[in-house]
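Input: a single structure, listed below in structure tokens.
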Amino acid sequence: MRHYEMVVILEPSLDERTVAPSLETFLNVIRTDGGTVENVEVWGRRRLAYEIEKNAEGIYAVLDVNCEPATIKEMDRQLALNESVLRTKVMRRDPNAGARRGKAGAS
Amino acid sequence: MAGRAARVGRPPKKKANPLHARGIGTVDWKDTALLRTFVSDRGKIRSRRVTGLTGQQQRQVATAIKTAREMALLPYTSTAR
């Protein structure tokens, strides 16, 4: 099991309230494969630094997930197939970075 | 010889202490406000000479900026001049 951080940028035309439930359907991939979802953070609509597929804005969601490498790969694949997903990125983070991140946020 | 003497004589250029004296251990790509201080108004990553960071910090900042660019939080280029 590894810890992953995943960022998803969704189309701005979606309703922000529907984002969390629709992400759930994707997160079920992880749950059924024995992984755990630690945190789902929906940032909401944000201006993009440059256009992605002609969109000037995007809805950001950051997911913290513990799962096997194959599982996150499958979820990433499924997200990428979805038309309303503009971009995804999976990153690995070392587990004690969280504590330091907390400190950075406080200062 | 004279040149060398001048170099030695010059005050050793005030070392700008790394901005990480702000108590930031690891750089997070989500902290755009911080990362923006390390890019020029053109969107280029500032050099170590300018930022005054340690090698390790500079690499961390550079990778953080690159991820932030991928996620459209920072521009690759900006023509705003």
Using label points projected 7 Å from each Cα along Cα→Cβ, tell me how many nm separate residue A:53 and residue A:37, to one decimal.
2.1
Tell me whether chain A comes out rounded, prolate or oblate; compute the Cα gyration tensor, take square roots of the eigenvalues as a ≥ b ≥ c, and use a/c under 1.5 as the rounded threshold.
oblate
Viscosity 1.002 mPa s, temperature 20 °C, Stokes-Einstein D of the stretch B:36-81 from Kirkwood C-alpha radius, µm²/s:
198
Go through the stretch B:46-60 residue by residue and turn each phi into a ³J(HN,Hα) via Karplus (6.51, -1.76, 1.60, θ = phi - 60°); whole Hz please, and just put x for glycine and proline.
6, 6, 4, 4, 7, 6, x, 8, 7, x, 4, 5, 4, 5, 4
Which residue, A:70, A:20, A:49, has the most motion in a Gaussian network model of chain A that connects Cα atoms within less than 10 Å?
A:49
Based on the Cβ-Cβ distance of residue B:42 and residue A:25, what FRET efficiency does E = 1/(1 + (r/R0)^6) give at R0 = 45 Å, to the nearest 0.05?
0.60
Label-point separation (nm) for residue A:91 and residue A:13, each offset 7 Å from Cα along Cα-to-Cβ?
3.0
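Just so you know, all these numbers are worked out from the coordinates, no wet-lab data involved. Keep in mind that this is a model prediction, so the values were computed, not measured. Every residue, glycine as well, gets a Cβ built from its backbone with ideal geometry; the counts of neighbours run over all protein chains shown.
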